[in-house]
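Values in this text are rule-based calculations from the coordinates and carry no lab data. Quick caveat: nothing in here was measured; it's all calculated off a predicted structure. Ideal geometry is used to build each Cβ from the backbone, glycine not excepted, and the neighbour counts take in all protein chains shown.
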């Protein structure tokens, strides 16, 4: 549901915490979010911003990232962080609030299949972040 992320990656702001967003249709008739800003909203895993996305694999019944091996960054320097993924503010892991009301710290050593499958509950994956 919610996690931490850096507000700045590189030389530009990574996140605007408040921004006017409107929708429009792409060339294929799909609805996309549009803004009048180059910078992004405080969301995660958005195709619109070329983020790394969860990709479900029906053969293994798990998800993985659209770029293999990436999950989140643990305490990266702001000038070299990757705005396509989340960043933790500690080396111990990523603090997340889950839809069951719990708050947890996900280890930097989490398996990518566990990390990404936790974001696609509509696919029926059963994972444990413990």
Please work out how much length the chain gains when fully extended from residue 129 to residue 79, using 0.36 nm per residue of separation minus the C-alpha to C-alpha distance, in nm with one decimal.
-> 15.1 nm
Multiply the residue gap between residue 2 and residue 122 by 0.36 nm, knock off their C-alpha separation, and tell me the result in nm, one decimal place.
-> 41.5 nm
Label point distance in nm, residue 26-residue 55, each placed 7 Å from Cα along Cα→Cβ = 1.5 nm
Over the Cα atoms of the stretch 41-130, what is the Rg over Rh ratio if Rh follows Kirkwood?
-> 0.94
What percent antiparallel are the DSSP beta bridges of the stretch 54-130, to the nearest 5?
-> 75 percent
